[in-house]
1. Show me, for the range 67-84, the HN-Hα J-couplings you get by feeding each phi into the Karplus relation (A = 6.51, B = -1.76, C = 1.60, θ = phi - 60°), rounded to Hz, glycine and proline as x.
2. Mind checking which lysines have their C-alpha under 23 Å from residue 69, skipping anything on the same chain fewer than 8 residues away?
3. Could you work out how far helix 96-113 tilts from the main Cα principal axis of the chain, as a 0 to 90 degree angle to the nearest 10?
4. Determine ³J(HN,Hα), in whole Hz, for all residues of the range 164-180 in sequence, where each value follows from phi through the Karplus function 6.51 cos²θ - 1.76 cosθ + 1.60 and θ = phi - 60°; x replaces Gly and Pro.
5. Using amide H atoms built in the peptide plane, which far-off residues or other-chain residues are under 5 Å from residue 46 H to H?
6. Give me Rg/Rg_expected for the chain, where Rg uses Cα atoms only and Rg_expected = 2.2 N^0.38 Å with N residues.
7. Taking only Cα atoms, what is the 0 to 90° angle, nearest 10, from helix 28-39's long axis to the longest principal axis of the chain?
8. Where does the chain land at 222 nm, in deg cm²/dmol rounded to the nearest 500, when only DSSP H runs of n ≥ 4 count, each adding -39500 (n - 2.57), divided by all residues?
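Please treat every number below as a calculation from the coordinates, not as lab data. What you are looking at is a predicted structure, and each value in this text was computed from that prediction instead of being measured. For neighbour counting, all protein chains shown are included, and Cβ atoms are generated from backbone atoms with ideal geometry for every residue, glycine included.
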Amino acid sequence: MKTILFQGDSITDANRSRENDANAGVGYVTLVKGELGLNYPNEYEMYNRGISGNRVIDVYARMKKDIIKLKPDIMSILIGVNDVWHEISRQEGIDADKYFQIYSMLIEEIKEALPDVKIMIMEPFLLSGVATENTEEWPDRFIQFSTEVRKRAVKAKEIAEKFNLPFILLQEKFDEAAKLAPNNYWLRDGVHPTTAGHELIKREWIKYFNEL
């Protein structure tokens, strides 16, 4: 049985259980588990190790415990929004260049420990919403938020290119979806997906998984 690991922040976490791996939360991870479980019975064991609030440096800090010790055959990483959000809200973010540097170290050390693991890099994304939109005190909030998240998206793509890894495009998919229904139909606050938003992510994840 092959092992699949999902790594990231609250978007991946999605209220997963910390005690029971069978409860992978209410997000795209559970949707992936359902589809792969149906199509490939008993072929994959899947772990969700996303943690709400994580930045890339937090994933790096828990790499041995939550990645290397699990010895995944396949893993995906979705990280970047909190590297911006924490800077905007509390000046504890990770700038784009350091994000790239730490992300590079993360991938290098994973590949050194697990040379056969297949890794997919997922693009951080956002839309305008209650968590990202402008305020009276901060009229340019969304511009800064959007600009900085897109910088992390560019760096995430550069990571994928540097290590010859699949890069799962998500921002353009949410931009296209937002033409069909309001932003909060897909991302309830501009960051965290609704059920429909998680389904969108799942479909893109499966698409790239099938090409591994």
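1. Rounded to whole hertz, the list is 10, 4, 5, 7, 6, x, 7, 9, 8, 10, 10, 10, 8, x, 5, 5, 4, 8.
2. Qualifying lysines at Cα under 23 Å: 2, 33, 111, 118.
3. Helix 96-113 sits at roughly 0 degrees to that axis.
4. Working through the residues one at a time gives 6, 10, x, 10, 8, 6, 10, 4, 5, 5, 6, 4, 5, 5, 5, 7, 9 Hz.
5. 4
6. 0.97
7. 30
8. Working: 10 runs with 102 residues, N = 212.
For the chain, the value works out to -14000 deg cm²/dmol.
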